[in-house]
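Just below is one structure, and these are the notes that go with it.
Nothing in this text is a laboratory measurement; each read-out follows from the coordinates by a stated rule. No experiment lies behind these values; they were computed from the predicted model shown.
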């Protein structure tokens, strides 16, 4: 399997986990549940790192996807996690990640149908 498809699969897996962890949640739910909060932080980190490792050509081919935002979130979490607001994480998870997930699933489908290079 092409490396790009493996990275796209990682993005999808992490995004699905983020959606799952925050379904129906409010920030206080994560403030009170360290395991859930840390799992969400890890999933955001994996998502951003997988996006960062995607070749520039792949990201450029799909400019409507918020690739840079995913990378920026990962960088913020890795380098200044203690400053990250749970409200921002939950809001991002609930408002932005479902759209990202849908877009990346379409990309995965398109890439899977195209011949390997």
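So which residue, out of 92, 22, 35, gets the largest mean-square fluctuation from a GNM of the chain using Cα contacts under 10 Å as springs? Comparing 92, 22, 35 in the GNM, the peak value goes to 35.
Run the numbers for residue 83 and residue 28: contour at 0.36 nm per residue of separation, minus the present Cα-Cα distance, in nm.
Details: separation 55, 0.36 × 55 = 19.80 nm, distance 1.61 nm.
Additional length available on full extension: 18.2 nm.
The angle separating the long axis of helix 97-113 from the principal Cα axis of greatest extent in the chain is about 20 degrees. Summarising the overall dimensions of the chain from its C-alpha atoms, the Rg and Dmax are 14.4, 48 angstrom. Helix content alone sets the calculated 222 nm mean residue ellipticity of the chain: runs of n ≥ 4 DSSP H residues at -39500 (n - 2.57) each, divided across all residues, give -25000 deg cm²/dmol. In degrees, nearest 10, range 0 to 90: what is the angle between the Cα axis of helix 3-22 and the longest Cα principal axis of the chain? Computed tilt is about 30 degrees. On a 0 to 90 degree scale, rounded to 10, what angle separates helix 86-95 from the longest Cα axis of the chain? Helix 86-95 and the main axis of the chain meet at about 40 degrees.
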